[in-house]
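Engineer: Sharing a structure below in structure tokens format, with a few things to ask.
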């Protein structure tokens, strides 16, 4: 049984045993309950007496309904404190679909995909096993992806002859803001260097920007990587896409997202056979989101989520601060905290197995997030799944079991 299979077995058992989840990046029921009122109000607005049946219930425009894109662009511009152009937006059925759409339309089997090490544990397998890409890990540091290592790998792997009809010969999958699993955000210097590197090597950077708006330490999140790729630059080509979703800021079940992309990619996606077949993806879901935005229902809900997640984040950080020698970076937002245990002999997967067997707490072992199986002395903790009192109990239990583990290692 490999690492991921062992991890999946532990996840299943943790749910059967009723463990407190510091593992899942999904909202607790208390975060979802307000969506009942939001959806009812949106549906009342959408299904009014003079509803346009063709506009509402038929296939939608390939790029997504113009009103949807307008409302999303307006909302994102306010939240980012940075202009988002509706012409750069494409409606998707969520962030996972966005990655699938980009990779399937723009790239073929065996295409090189460079990913952070560590990275989002499910996406590394999806890219490799489901999308059949050649996944190549890239080093990371406290500022984000190691651009020097990426530049070296791109130089080594770049083919001598790139077909003329290939917009990019490879892609880079990243989570630049409130990273999954490490919680950090790329520094401005890293962002600028990454843009320069992508232009130099003619590759596409796919940013999983699903956590950006969950900012706790400031009114606005760090600048998204897409905005560093300035169209007024003399060497501009269009090397970044921002892949966003309403699953983290509204509710997972809505399955509506967006791709923010340069014109060269918008044109390719809009004219693909996938969109020609049936128009935009999840058109009706997009109509619901449009009403939610028009009625100004999302911004207050987002503030509610941020307040709750920030409280859980503080509980975990305050507790971790009481433990000597544990290494972690306090995230400014998002769902995750990356903890490094100061003992290279610790096996985080075995630590998880013991915790689950004891019916206590669950988390993600570091080696499950690494394409190379590294970071076995690290864990990813999540603030999302449990209410605050369960988070407090869970992190205190985690610390207690960590101390027992260290005592055992030292004896």
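Engineer: Pop a pseudo-label 7 angstrom from the Cα along the beta-carbon direction at both residue 227 and residue 67 and give the gap in nm to one decimal.
Structural biologist: Here the answer is 2.9 nm between the modelled labels.
Engineer: So what is the relative contact order of the chain, in percent, for Cα pairs below 8 Å that sit 6 or more residues apart?
Structural biologist: On the way: 731 pairs, mean separation 109.2, N = 411.
Value for the chain: 27 percent.
Engineer: Another question, then. What 222 nm value per residue comes from the helices of the chain, counting each DSSP H run with n ≥ 4 as -39,500 (n - 2.57) and dividing by all residues, nearest 500 deg cm²/dmol?
Structural biologist: Roughly -13000 deg cm²/dmol at 222 nm, from the helical runs in the chain.
Engineer: Measuring from a point 7 Å past the Cα of residue 15 along Cα-to-C-beta, which residues in segment 64-102 have an amide N at less than 16 Å?
Structural biologist: none
Engineer: With a 10 Å radius around each residue's Cβ, average the other Cβ atoms per peptide and rank 177-188, 389-400, 9-20, highest first.
Structural biologist: Numbers: 177-188: 24.0, 389-400: 18.6, 9-20: 16.8.
Those peptides, ordered most packed to least, come out 177-188, 389-400, 9-20.
Engineer: Could you tell me how far the Cα centroid of segment 254-314 sits from the Cα centroid of segment 349-410, in Å?
Structural biologist: Each part reduced to its Cα centre gives a spacing of 33 Å.
Engineer: Now a separate question. Order these peptides, 51-63, 300-312, by their mean beta-carbon neighbour count within 10 angstrom, highest first.
Structural biologist: Sorting 51-63, 300-312 by mean packing, highest first, produces 300-312, 51-63.
Engineer: Take peptides 246-259, 286-299, 101-114 and line them up by average Cβ neighbours within 10 Å, highest first, as a rough protection proxy.
Structural biologist: So the order, starting with the most tightly packed, is 246-259, 286-299, 101-114.
Engineer: Same structure, new question: Want the number for residue 237 to residue 344: 0.36 nm per residue separation, take away the alpha-carbon distance, what's left?
Structural biologist: Length gained, residue 237 through residue 344: 34.2 nm.
Engineer: Hey, another quick one. Modelled label-to-label distance, residue 51 and residue 404, 7 Å Cα→beta-carbon offset: nm?
Structural biologist: Between residue 51 and residue 404, the simple spin-label model gives 5.5 nm.
Engineer: Run the numbers on segment 140-241 and let me know its relative contact order in percent, using alpha-carbon pairs under 8 Å that are six or more apart.
Structural biologist: Relative contact order of segment 140-241: 29 percent.
Engineer: If you don't mind, there's one more thing I want to ask. Per residue and in cubic angstrom, what volume does the convex hull of the Cα atoms of segment 280-354 have?
Structural biologist: Per residue, the Cα convex hull of segment 280-354 comes to 168 Å³.
Engineer: Still on this structure: Mean projection of the alpha-carbon convex hull of segment 101-243 over all orientations, in nm²?
Structural biologist: 8.7 nm²
Engineer: Have a look at the DSSP beta bridges in segment 36-297 and tell me what percent are antiparallel, nearest 5.
Structural biologist: Among the beta bridges of segment 36-297, antiparallel pairing accounts for roughly 35 percent.
Engineer: Taking R0 as 22 Å, what's the FRET efficiency between residue 162 and residue 109 from their Cβ-Cβ distance, rounded to 0.05?
Structural biologist: The formula returns an efficiency of 0.85 here.
Engineer: Any idea what diffusion coefficient segment 121-169 gets from Stokes-Einstein, in µm²/s, Kirkwood Rh on alpha carbon pairs, 25 °C, 0.890 mPa s?
Structural biologist: The diffusion coefficient I find is 191 µm²/s.
Engineer: How long are the semi-axes of the equivalent ellipsoid of the chain, taking √(5λ) for every eigenvalue λ of the Cα gyration tensor, in whole Å from largest down? Intermediate results must be reported in sequence, preceding the final value.
Structural biologist: Numbers: eigenvalues 241, 156, 69 Å².
Computed over the chain, the values are 35, 28, 19 Å.
Engineer: Of 409, 156, how do they rank once you tally other Cβ atoms within 10 Å and put the fewest first? Let's see the in-between values first.
Structural biologist: Values: 409 11, 156 8.
Fewest to most other Cβ atoms nearby, the residues stand as 156, 409.
Engineer: Something else now. So for segment 3-90, considering every pair of alpha-carbon atoms, how many percent are separated by more than 18 Å? Before the final figure, lay out the partial values.
Structural biologist: On the way: 2676 of 3828 pairs.
When all Cα pairs of segment 3-90 are counted, 70 percent exceed 18 Å.
Engineer: Something else: Please compute the length gained on full extension between residue 83 and residue 325, using 0.36 nm multiplied by the number of residues separating them and subtracting their Cα-Cα distance.
Structural biologist: 82.9 nm
Engineer: Using the scaling law 2.2 N^0.38 Å as the reference, what is the normalised Cα Rg of segment 1-158?
Structural biologist: Working: Rg = 21.0 Å, N = 158, 2.2 N^0.38 = 15.1 Å.
Expressed relative to 2.2 N^0.38 Å, the Cα Rg reads 1.40.
Read-outs: derived from the displayed coordinates by stated rules, not from any lab. Values in this document were obtained by computation on a predicted structure and should not be read as measured data. Note: ideal-geometry Cβ built from the backbone for every residue, glycine included; neighbour counts use all protein chains shown.
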